[in-house]
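Beneath this line is the structure, given in structure tokens, with notes to follow.
FYI, it's all coordinate maths here, none of it is from the lab. Treat the numbers as computed from the prediction; the structure is a model and nothing was measured. We place every Cβ from the backbone using ideal geometry, glycine too, and count neighbours over all the protein chains shown.
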Amino acid sequence: MKKINKIMENLKKKSLNVVRVDKDEFELDNGDVYPIPFELDIDEDISVWEFQKILDSSKEIILKILEQSNE
């Protein structure tokens, strides 16, 4: 359980600021580039702001799952 706590604390502190996004990948302000593991079902390009909202929500969901698995 200590490992999960450490992961949770690191994730809470980690700043995930999106600076670029396209249909295949996104880039954070630290230069890290990650693939988007799902198809974006939109007709237009997604904005950085819109994708930032998705990433922030995903982070919160992951933290909740980790908290529940730690109980």
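Each residue of the range 20-33 is assigned a 3J(HN,Hα), and the resulting list reads 8, 8, 9, 5, 10, 7, 9, 10, 9, 5, 8, x, 5, 10 Hz, derived from the Karplus form 6.51 cos²θ - 1.76 cosθ + 1.60 (θ = phi - 60°), x at Gly and Pro. With N counted as the residues of the chain, its alpha-carbon radius of gyration over 2.2 N^0.38 Å works out to 1.25. Can you flag which of K23/K64; K3/K64; K6/K59; K12/K53 are past 18 Å Cα-Cα? Over 18 Å apart, Cα to Cα: K23/K64. Compared with the dominant principal axis of the Cα atoms in the chain, helix 2-13 is inclined by about 40°. Annotation: peptides 10-20, 28-38, ranked by per-residue average of other Cβ atoms within 10 Å with the highest first, follow the order 10-20, 28-38. Each label point was placed 7 Å from the Cα along the Cα-to-Cβ direction; for N10 and K64 their separation is 2.4 nm. Site pair K2 and R20 shows an inter-label distance of 4.1 nm when each label is modelled 7 Å from Cα along Cα→Cβ.
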